[in-house]
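K.L.:
This is the structure I have questions about; it appears just below.
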Amino acid sequence: MPKHLPRRTLYLHLLCALGASSLAHAAEPADANANGEAADSLQTVTVTAQKRAELARDVPAAISAFSGKDLREGGGNLSAGGVMDLVPNASGPTNDGHVRTRWWIRGIGTGDQSANVVSPVSFYVDEVYLNSPLLSGAPAYDLRQAEVLRGPQGTLWGKNTTGGAVSFITNKPTFKPDGYFKAELGNHNSHIVEAAAGGALQEDVLAGRISLYSDSTDGYGRNTFQHSKTGKKEEDHQVRVQLLANLSPDLQALFNVHGRDYHGTGDALQGLGLGAGGTNTYGYVLPPLGTADIATNAPTSDDLRGSGASLTLHWNLGRNELTSITSYERVARTTNGDGDATPLEISRSHADISARQSAQELRLASPRSDQLNWIVGAHYFTEKLDNNNSSGNLPGVQTIATPTGTIPTAYNNLSLQQDTKSYALFGSLTYNFSERFNLTGGLRWTSESKDIALSRVANSGTVSYNNTAEWWKRSSVSSTLLTTATQNADTTWKAATWDLTPQYKFSQDVSAYARAAKGFRGGGYNGGVTTQSTVAVVSPEYLTSGEAGLRTAWLDHRVTADVTAFYYDYKNVQLNQVVSTSTGPVSRLTNGAKAKAHGAEFELAAQATQALRLNAAIGLLRSKYTDYGAYTGNEFGRAPHTNVLVGGEYRQPLNNGGEAVFSTNWNYRSRYFFVTTNETDPNYIQPAYTIGNLKLSYLPPGKKVNLTFYVNNLTNRFYKTNAIPYGNNVIGYSNSDPRTFGVSATYRW
């Protein structure tokens, strides 16, 4: 990319190159009720939760689906985890800016920050499974739909899905010109530009679409020691190009290539001193919580680059359809951080992480309308991960005096390479006994292998550096380094997972189902070792669920009401235990726990009038470890007992032919814990809180333009998004975003 041409300018030139013809022949916007629904009924939602396009109300599973158009025209960037705020019994905090999301569904998730640990909630974009946590934090753009499946998905989505699956579906090229342009300005000097344009390149044969995203913000906090902005100060640039080709009447190909360039200052990590007067081990008084300000001395930065491509083929073979999805992704991240949350030279960090994955999926499906219909397939996945991270403190840079005197120098480095290979065969079959009753059963067999080469070294006595500019390299240390942990292992795990679902339709608008399913998360290794005693081979975890649901629609589809109840039997749970020591936090990834959980979800949507739409959801959850040694009886982390979502939208026609739209949504979560091994210390507890957002939009006549004013976190509610032992008698916190507001303008054609 030429240095003299700003990224945002280059992206706009690319957009104009493809979109000029589209703008010249801009089509009228589609009618909101093109499906023939009554003007005052709820719109029909089509989902692909069962790898087929079908109405959401016909799918016997706990699923939440959201239109990309509705999500896009809100305010601020749309993080992958932000969608979870709209789902009962779910959350997805993005603690590291736009870098990674920590998914939690019905209490199932992971707080482990090691690069080689995957989430039990799987993440897909355009049906491509994204394994690395570093591929989950990018803002979504040009999105057609987001779907969240709750509960284990052991057959069709299969891989690492004890908790559920999150699927993003982007807008694809069409042979009619269409697109949009969105620009937004917000507080904290926030800027967002998002756009897409597409149309036919060769009539009925080749279509294309280019999609662009760019944002930047100054951050919402200050580093009072360095006198600089911090707290998610970042810029993010993304581009995606797609080509759709009708190769023959029976064969269609979709090619997708995309890239990303992200730069940030990392999270505004705060520390709470546990000593007298809020001091740490060295007598320093840490700033109080409740503000976005921090005081640290080590430089902080977070740089990530990613790219990928996929080829999706749909081939009609008589009455059946063959689908092939070939994909490749790569991502690299470099971070620098302050590991002690103070201006003292106690700990600084550096990490280089890269991951490369490739995958191939084949599916053959019969027509859904057949009395006996089926899907069979195979999936292959491979990933190469390199992780090199260091921490230490340097000589001669002590920034402030401490009551205990000089802090000794230190150094440690962990080098980890891990290769993963996974094979799976799967099938799902549905038999319609009658128009009212059907039975679906699925089975998946998976074989997964991982090999690891790990080495950790640390200083012995005083550290001597010969190159402090690149202090994190082992070659920069001239004093003696001792090996504290090594691991060379190659392990294979095999598992069979399944689901069985009878469904009964009382009428076209009322149906009930019962679903039993088993999912698993693959085994692995502890990537956060500090000593040989923390080296571990972790076995897969398994979750068996029972679920029952009732789906109803009333008053000509003006009201929908859904109820879901579930019960979980959770075995061999993978747990990350973080223990604070005098030299810093020690992470131990282990198995061994058994657990139970049960709960319910109530979801209601109502088109009260042609102008007023209301929605509400309640998530109820109870969880408990039933066999966890001294911690038996403790609850899951990040598993509030109650989660309440309410929202509404009011549309007011105006005399000039335009429309004003007011909408709001509110999210309440009851108290929850961050650390499963400590549920009595209030420092590891997040009290109940409520977050509210408001949006006011104006649509001029024609409704191609949307002008919006928004406020997120209206009451400026402060809450913690993470809390872990930090070492040196300190607890480390990640905190919520403060109140944000801004204006946006969207033009669609």
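The values are calculated or read from the model by the stated rules, or taken from the named source; none is laboratory data. Since the structure is predicted, the reported quantities are computational estimates derived from the model, not experimental observations. So basically every Cβ, Gly included, is an ideal-geometry build from the backbone, and we count neighbours across all protein chains shown.
K.L.:
Quick one: count up the residues across segment 289-312 that are within 30 Å of LEU244 (Cα to Cα) and either buried (at least 19 other Cβ atoms within 10 Å of the Cβ) or at pLDDT below 95 (or both).
P.N.:
Quick first cut of segment 289-312, residues within 30 Å of LEU244 (Cα to Cα) only: 304-312.
From the residues that got through so far, the ones that are either buried (at least 19 other Cβ atoms within 10 Å of the Cβ) or at pLDDT below 95 (or both) too are 304, 306, 308, 310, 312.
Count: 5.
K.L.:
Tell me, please, whether a residue that is touching a Ser or Thr at 6+ places or on another chain (Cβ under 6 Å) and either surrounded by fewer than 11 Cβ atoms within 10 Å (Cβ to Cβ) or within 17 Å of ARG444 (Cα to Cα) (or both) can be found in segment 500-507.
P.N.:
The answer is yes, given that some residue of segment 500-507 is touching a Ser or Thr at 6+ places or on another chain (Cβ under 6 Å) and either surrounded by fewer than 11 Cβ atoms within 10 Å (Cβ to Cβ) or within 17 Å of ARG444 (Cα to Cα) (or both).
K.L.:
If you don't mind, another one. Out of the residues in segment 353-394 meeting the condition of being in a loop (DSSP other than H, G, I, E, B) and surrounded by fewer than 16 Cβ atoms within 10 Å (Cβ to Cβ), tell me which one is nearest to the chain's Cα centre (by Cα).
P.N.:
Going residue by residue through segment 353-394, those that are in a loop (DSSP other than H, G, I, E, B) are 366-371, 394.
So of that shortlist, the ones also surrounded by fewer than 16 Cβ atoms within 10 Å (Cβ to Cβ) come out as 367-371.
Details: PRO367: 33, ARG368: 31, SER369: 34, ASP370: 36, GLN371: 37 Å.
That would be ARG368.
K.L.:
Could you say whether any residue in segment 345-352 is of a type in the set (D, E, K, R), touching a Gly at 6+ places or on another chain (Cβ under 7 Å) and in a strand (DSSP E or B)? Before the answer, list the steps.
P.N.:
In the first step, residues of segment 345-352 are kept if they are of a type in the set (D, E, K, R); the result is 345, 348, 352.
Okay, now just the ones that are also touching a Gly at 6+ places or on another chain (Cβ under 7 Å), so 348.
Next, from what is left, pick out any that are in a strand (DSSP E or B): 348.
Looking for residues that are of a type in the set (D, E, K, R), touching a Gly at 6+ places or on another chain (Cβ under 7 Å) and in a strand (DSSP E or B), one finds at least one in segment 345-352, hence yes.
K.L.:
Is it the case that GLU435 is free of Cβ contacts under 8 Å to residues at least 24 places away in the same chain, surrounded by fewer than 19 Cβ atoms within 10 Å (Cβ to Cβ) and among the charged types (D, E, K, R)? Break it down stepwise before answering.
P.N.:
Values: free of Cβ contacts under 8 Å to residues at least 24 places away in the same chain: no; surrounded by fewer than 19 Cβ atoms within 10 Å (Cβ to Cβ): yes; among the charged types (D, E, K, R): yes.
So GLU435 fails the test.
K.L.:
Taking into account only those residues within segment 267-288 that are of a type outside the set (Val, Ile, Thr) and part of a strand (DSSP E or B), which is surrounded by the fewest Cβ atoms within 10 Å (Cβ to Cβ)?
P.N.:
Kept after step one, since they are of a type outside the set (Val, Ile, Thr), are these residues of segment 267-288: 267-278, 280, 282-284, 286-288.
Filter once more, so that each one left must be part of a strand (DSSP E or B): 270-273.
On the way: GLN270: 28, GLY271: 27, LEU272: 19, GLY273: 24.
Across segment 267-288, the extreme among qualifying residues is LEU272.
K.L.:
While we're on this one: Given THR486, THR497, which one is modelled with pLDDT of 95 or more, β-branched (Val, Ile, Thr) and under 30 Å from ARG57 (Cα atoms)?
P.N.:
On the way: THR486 fails: under 30 Å from ARG57 (Cα atoms).
Of the residues listed, the single one that is modelled with pLDDT of 95 or more, β-branched (Val, Ile, Thr) and under 30 Å from ARG57 (Cα atoms) is THR497.
K.L.:
Let me ask another. Collect the residues in segment 493-534 that are part of a loop (DSSP other than H, G, I, E, B) and of a type outside the set (A, V, I, L, M), keeping them in residue-number order.
P.N.:
Restricting attention to segment 493-534, the residues satisfying the condition of being part of a loop (DSSP other than H, G, I, E, B) are 508-509, 522-523, 526-531.
Across segment 493-534, the qualifying residues are GLN508, ASP509, GLY522, GLY523, ASN526, GLY527, GLY528, THR530, THR531.
K.L.:
Looking at VAL675, VAL730 in this structure, which one is touching a helix residue (DSSP H, G or I) at 6+ places or on another chain (Cβ under 6 Å) and touching a residue at least 12 places away in the same chain (Cβ under 8 Å)?
P.N.:
Working: VAL730 fails: touching a helix residue (DSSP H, G or I) at 6+ places or on another chain (Cβ under 6 Å).
Criteria check complete, one pass: VAL675.
K.L.:
Now for a different question. I'd like the full set of residues that are more than 22 Å from the chain's Cα centre (by Cα), of a type in the set (Lys, Arg), within 22 Å of THR94 (Cα to Cα) and buried (at least 17 other Cβ atoms within 10 Å of the Cβ), limited to segment 689-736.
P.N.:
Selection gives nothing.
K.L.:
Against the definition (within 30 Å of THR265 (Cβ to Cβ), among the hydrophobic types (A, V, I, L, M, F, W, C) and either surrounded by 23 or more Cβ atoms within 10 Å (Cβ to Cβ) or modelled with pLDDT of 85 or more (or both)), how does LEU130 come out, yes or no? Show your work before the answer.
P.N.:
On the way: within 30 Å of THR265 (Cβ to Cβ): yes; among the hydrophobic types (A, V, I, L, M, F, W, C): yes; either surrounded by 23 or more Cβ atoms within 10 Å (Cβ to Cβ) or modelled with pLDDT of 85 or more (or both): yes.
Considered against the rule, which asks whether it is within 30 Å of THR265 (Cβ to Cβ), among the hydrophobic types (A, V, I, L, M, F, W, C) and either surrounded by 23 or more Cβ atoms within 10 Å (Cβ to Cβ) or modelled with pLDDT of 85 or more (or both), LEU130 comes out as yes.
Residue-by-condition table, conditions (1) of a type outside the set (A, V, I, L, M); (2) touching a residue at least 24 places away in the same chain (Cβ under 8 Å); (3) buried (at least 18 other Cβ atoms within 10 Å of the Cβ); (4) in contact with a helix residue (DSSP H, G or I) (Cβ under 7 Å, 6 or more places away or on another chain):
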position	(1), (2), (3), (4)
ARG551	yes, yes, yes, yes
ASP556	yes, yes, no, no
PHE566	yes, yes, yes, no
ALA611	no, yes, no, no
ARG651	yes, yes, no, no
